[in-house]
Each structure stands twice: as structure tokens, then as C-alpha cells.
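S.K.: This structure is in C-alpha cells; I'll ask about it shortly.
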Amino acid sequence: MSKQHLIELQAVKKIFYTDDLETWALNNIHLTIDAGEYVSISGPSGCGKSTLLSVMGLLSSFTEGKYLLNGAEVSSLGEAEQARVRNQEIGFIFQAFNLIGDMSVFENVELPLTFRNDLSRKQRHEMVVEALEQVEIGHRQKHYPAELSGGQQQRVAIARALVGKPKVLLADEPTGNLDSKNAQIVMDQLAALHRKGSTIVMVTHDPRSAEQAQRQVSLFDGKLVDDRTMSQGVRMAAHG
Ligand code: ADP
Ligand code: MG
């Protein structure tokens, strides 16, 4: 029996139409990611990294192709059902942290849980405390984002991403707004989450960050041009 992939993109194309211009942001992407993998996606600015991540996160639709999450086709689901999948199965981490300024650390991390109707207040509380402890920021739960350093804010954002126990964490340039010391702390947190079993897909244009992932995928002009898994050496080298 073949193993079921967590994420499977089949011949995915995403074309942006602006005025007379067609931009092929994703050009025939085939990509499978298994539960427990830590994958980096690299490539020059404009090559389609963020578009690929937002397709995986059901934040944007695409022009052609198929997306299966846990073996189920999600690209054909209606909007409400996609929103449920996005909310329960996917955690996002952004370059700009995207915390809500007038909510405390605790409230920011609790926010994604408040959209769910399957959790009691007590369960939500326990999940928030656990998530904050995982990124070692529990002592800051009553603080507001502006009172924290950038590195601490990104750790709160990671806690918010993982609080609902999603199947995959999607991070878009998570260290892009951080100095090197805080960047390293955030990278260490992601590595620790991976060791504990989280599946992580991280977009980065920084080769040193990419090297911290176990598998490195490269894009160029919307095409997947390289895919290597470190423990096995070169696994595949696709050509555009
Ligand atoms: P990266 O994250 O690798 O820098 P993006 O995925 O943001 O690249 O963009 C890929 C390509 O798609 C670029 O040429 C970009 O200009 C274009 N693009 C991205 N978003 C839009 C949009 N909303 N409308 C039109 N073109 C877009
Ligand atoms: Mg980008």
C-alpha cells in the first residue's frame, strides 16, 4: 500500500492576470510533502514562493491542477469548508508577525480557537498555555505585542500558529524581520517543533535558514527546479 501524503500538489498552475499582463506565478508544480517533514522553499524574489505557500494554506485559489490534503481533494471544496480546513489544519507564520496590537499575548494565541465550536473555555485556556510554553514565552502572556521584542513577537505568532494542533505549519520568511540573534532563536524553535513531530514548510530566501530544514525545495520562475533531502543526498532534480 502506498503511503498517503499529507500534501500533494498535482500540476498546479497559478496565473495572475493584470491589465494585459499574464504572470505565471506557479507553472506546473508537482510536490508531495509527508507528515513530519521539515521543508524549506527557496528561490529569488518573485519566483512564486509566497504564492505556493498561500495555495498550500488555502489562502489563494489556483488556475489549474489539484491539491490533496491528507488524501482529500481540497481544491474543489466550497469556501466555508475550505475556511474550516484552513482554521483547523493549517497554522500560518508570517514575516511581519501579524499579531493584533490591542490584544494581549494570551488573547492573540487564543484567537484561532475562538472560531471553533468544539472547545470549552477551559480547553482553550489549557491549549494556549501549552502553546506558549512550547515556544518558551509563557511568562509574557499578559503583555501586549508592542511590549515585546521582535523575536518574542514571532514566538507568540508561532504559538498562535500551533495552538490548534494543525497538521502543518506554513511559515513565510519567518525570520525576515529579525536580527540574526532573534532569527536564530526562531529557527531553533522551529527545529524543536520539528523534532517533536510538527510538519513545517518554510519559505526563505536565506540559504543559511534553508539549510536548517531537512529537505530543500527550490523554485525559479514559478517552476520547481530542485528538491533535495539532506539525509539521502540528492533525491530529485527536476528541470524546468
Ligand atoms: P516570491 O514570494 O517568491 O517573492 P510571489 O509568490 O510573491 O513571489 O510572486 C510570484 C509572481 O507573481 C511575481 O511575479 C509577482 O509579481 C506575481 N504576483 C504575486 N501576487 C500577485 C497579485 N496579487 N497580482 C498580480 N501578480 C502577483
Ligand atoms: Mg514572498
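The values are calculated or read from the model by the stated rules, or taken from the named source; none is laboratory data. Predicted, not measured: the structure shown is a model, and the values here were computed from it. A quick note on method: Cβ atoms are made from the backbone with ideal geometry, for glycine too, and the neighbour counts reach across all protein chains shown.
S.K.: Look at SER209 and say whether it is touching a residue at least 12 places away in the same chain (Cβ under 8 Å), within 16 Å of ligand 1 (Cβ to nearest atom) and not β-branched (Val, Ile, Thr).
M.R.: Against the criterion (touching a residue at least 12 places away in the same chain (Cβ under 8 Å), within 16 Å of ligand 1 (Cβ to nearest atom) and not β-branched (Val, Ile, Thr)), SER209 qualifies.
S.K.: Do any helices (runs of 4 or more DSSP H) entirely within the stretch 15-125 hold 3 or more residues that are under 26 Å from GLY197 (Cα atoms) and within 16 Å of ligand 1 (Cβ to nearest atom), and if so, which?
M.R.: 49-56
S.K.: I need every pair where a residue in the stretch 40-67 that is closer than 21 Å to SER209 by Cα has its Cβ under 6 Å from the Cβ of a residue that is more than 13 Å from ligand 2 (Cβ to nearest atom) and assigned to a helix (DSSP H, G or I), sequence separation at least 6 or different chains.
M.R.: As it stands, the answer is SER40/ALA210; SER42/ALA210, since those pairs meet every condition given.
S.K.: On to the next question. In the stretch 51-59, is there at least one residue being at pLDDT below 95 and surrounded by fewer than 17 Cβ atoms within 10 Å (Cβ to Cβ)?
M.R.: Taking every residue of the stretch 51-59 in turn, at least one turns out to be at pLDDT below 95 and surrounded by fewer than 17 Cβ atoms within 10 Å (Cβ to Cβ).
S.K.: Can you list residue pairs whose Cβ atoms sit under 7 Å apart, with the first residue in the stretch 187-203 being under 9 Å from LEU170 (Cα atoms) and in a helix (DSSP H, G or I) and the second being among the aliphatic types (A, V, I, L, M) and away from ligand 1 (no atom under 16 Å from the Cβ)? Count only pairs 6 or more apart in sequence or on different chains.
M.R.: As it stands, the answer is none, since no pair meets every condition given.
S.K.: Residue under question is GLN4, and the condition is that it be surrounded by fewer than 15 Cβ atoms within 10 Å (Cβ to Cβ) and either touching a Gly at 6+ places or on another chain (Cβ under 6 Å) or polar (S, T, N, Q) (or both); does it hold?
M.R.: So GLN4 passes the test.
S.K.: Just checking, which of ARG155, ARG124, ARG140 is over 24 Å from ALA191 (Cβ atoms), surrounded by 14 or more Cβ atoms within 10 Å (Cβ to Cβ), without any contact (Cβ under 8 Å) to a residue 40 or more places away in the chain and of a type in the set (Lys, Arg)?
M.R.: One residue alone meets the criteria, ARG124.
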